[in-house]
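The values are calculated or read from the model by the stated rules, or taken from the named source; none is laboratory data. Please read all numbers here as calculations on a predicted model, not as lab measurements. So basically every Cβ, Gly included, is an ideal-geometry build from the backbone, and we count neighbours across all protein chains shown. Note: areas computed on protein heavy atoms with side chains; ligands, DNA, RNA excluded. Shrake-Rupley method; radii C 1.70, N 1.55, O 1.52, S 1.80 Å.
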Amino acid sequence: MEVSNTRNHSSKRKHDDTVSSSNGFNNNVDLSLLEAIEKSQNTIEVVDNRTLKKLVLSFERRLKENIEARLKYPNQPDRFADSELELHEELHKLKVLAGAPELYPDLVNLNVVPSIVDLLNHDNTDIAIDVVQLIQDLTDEDVLDENDEPARVLVDALVDNSVLELLVQNLHRLSESDPDENAAVYNTLASIENLIEVKPGVAELVCEKTKLLKWLLGKIKVREFDGNKQYASEILAILLQSSTANQKKLGQMNGVDVVLQAVAMYKSKDPKSSDEEEMVENLFDCLCCLLMPLENKERFVKAEGVELMIIIMKQKKLAYASAIRALDFAMTNYPPACERFVDVLGLKTAFAAFMGKASNTAFNLQELHYIPISKKNKKERYQEELEERIVSLVASLFGGILRGSRRERLLSKFVENECEKIDRLMELYIRYSDRVKAETERLDQIKLDDLEMDEDEKYNRKLESGLYTLQEYHDNIGDLDGPEEKERAQTKIQKFLMAL
């Protein structure tokens, strides 16, 4: 079983702050006049070193005034309210620096980063929210594009000044019932994602130094769906996808059970929107990542995860294919999960999927929006992925159950109904063999045409064309040497199965 990084960060999610263009506007208004007025009111200043120093100096002056006012009149908010408003305005002005990321090293050299980060601790939550928004703007992917080195300098400075600890600490005091604070929660998650994008090591660092994992688990446990729950599921998947340390840490925090509870909400119902559908996919990504360490596979079995995935498959809802994927991860190189699967009568469900019967029943393309009818290639790719997962799952069963009555029950599946499953097995084998052969010939032609392609890239191309599934078949199900005719291949595998 291969683990693929399915997360896509090419386009960052934006908070839903759009306003309908028809709200309160007269369609007869002269737009050119409005544009002229706007231009006259907003003079764009070129952002250079001189501008940077001016902005920083002004910010530090307002910060000092606010600190002094709060110390002098700690119990009289009206006496320091003006200084707070001025500080808010200065933080807002600093956002212009996002338009000149090449100046980030100069910003760091002016030693203003510690002052900005410390404001996440400000008693006024609104000021802390301003800082969260500023950090998000400065580290946005679109801003940092083609500015890798300046981005790393800024992110290193932020991390060195405890931005991770303070972001998460501030996260715990935000109330999502307040619209501004709800948006700040979202922006905090976006900031953390931005930091990871620039410096991948932040993924482990933020879990090591903060209680972010605990907060994320608490968020995905909530039954009600919202944008922040969706984003929390995505951030959790990002933190888990490439870090064994994070996978193990979350397992120790009862994370396997929490994620199972979260996906169990969809065992007999489908998500109501595409955003909620994406969240369910994120949750299953989290579950599959969690199932990489051996100790988490054990937790999965003890938490009756095998039974839950079988129930989800039987219900034939949207999470059907994801449940197969999770079982594949759980049973790979872990015999106890394979044994539990057989003991709870999972073979019938698995082989219905193997024969293509369950998938045809579960996914009526006339009804389900997530596989568009107009995109035939997308439908075909979905079916291919489903086939590959179920072949891998069956291969895991053969690799994990080597003897005894369970093995006999597994093998008996291949001789029932006039050996229809052997026919299906050979159909898949021949198809994937042909695809790998065609891809190999294509790569050989590329070599003849003197086009450069290293061995790793060639191997990856073959894996994508079906070599991985073919290897699973060879290693765990069949012992074939590339037969070309179905009858000859069928006879050989029947003898092989009987010998077992």
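Contact list please: Cβ distance under 6 Å, first residue in the stretch 197-218 and closer than 14 Å to THR244 by Cα, second residue open to solvent by less than 40 Å² (accessible area, probe 1.4 Å) and not in a helix (DSSP H, G or I), pairs at least six apart or on different chains.
Taking only residues 6 or more apart or on different chains, the pairs are ALA203/SER243; GLU204/SER243.
Given the stretch 273-358, what helices (runs of 4 or more DSSP H) lie entirely inside it while holding 2 or more residues that are within 19 Å of the chain's Cα centre (by Cα)?
274-290, 320-331
Considering only residues that are over 9 Å from CYS286 (Cβ atoms) and of a type in the set (A, V, I, L, M, F, W, C), look in the stretch 240-256 and name the one that is least open to solvent (accessible area, probe 1.4 Å).
VAL256
Give the number of residues within the stretch 134-166 that are small (Gly, Ala, Ser) and under 15 Å from VAL117 (Cβ atoms). Lay out the reasoning, then the answer.
Keep residues of the stretch 134-166 that are small (Gly, Ala, Ser), which gives 151, 157, 162.
Keeping just the survivors that are under 15 Å from VAL117 (Cβ atoms) gives 157, 162.
Residues that pass the stated criteria total 2.
On the basis of being in contact with a Leu (Cβ under 8 Å, 6 or more places away or on another chain), within 23 Å of LYS316 (Cα to Cα), buried (at least 17 other Cβ atoms within 10 Å of the Cβ) and among the aliphatic types (A, V, I, L, M), does VAL206 make the cut?
For VAL206, the condition - in contact with a Leu (Cβ under 8 Å, 6 or more places away or on another chain), within 23 Å of LYS316 (Cα to Cα), buried (at least 17 other Cβ atoms within 10 Å of the Cβ) and among the aliphatic types (A, V, I, L, M) - is not met.
Of all residues in the stretch 157-183, which are under 24 Å from the mean Cα position of the chain (by Cα), under 18 Å from VAL202 (Cα atoms) and open to solvent by 30 Å² or more (accessible area, probe 1.4 Å)?
GLU165, GLN169
Which condition breaks for ARG442 when tested against (1) among the basic types (Lys, Arg); (2) within 28 Å of ALA326 (Cα to Cα); (3) modelled with pLDDT under 90?
So the condition that ARG442 fails would be (2).
Mind listing just one residue for me: the one in the stretch 76-88 that is in contact (Cβ under 8 Å) with a residue 12 or more places away in the chain and under 42 Å from the mean Cα position of the chain (by Cα) and, of those, nearest to SER115 (Cα to Cα)?
Filtering first and then ranking leaves LEU87.
Taking the conditions exactly as written (within 22 Å of LEU294 (Cβ to Cβ) and without any contact (Cβ under 8 Å) to a residue 60 or more places away in the chain), does ARG340 satisfy them or not?
Judged against the criteria, ARG340 is a match.
Which is touching an Asp or Glu at 6+ places or on another chain (Cβ under 7 Å) and closer than 26 Å to ALA81 by Cβ, of LEU174, LEU166?
LEU174
For SER392, are the conditions met, namely being over 29 Å from SER274 (Cα atoms) and either out of contact with any His (no Cβ under 9 Å at 6 or more places or on another chain) or modelled with pLDDT of 85 or more (or both)?
no
Mind checking which pairs have a first residue in the stretch 53-75 that is closer than 21 Å to LEU97 by Cβ and a second that is hydrophobic (A, V, I, L, M, F, W, C) and part of a loop (DSSP other than H, G, I, E, B), Cβ under 6 Å, 6 or more apart or different chains?
Qualifying pairs under 6 Å: VAL56/LEU110; VAL56/VAL112.
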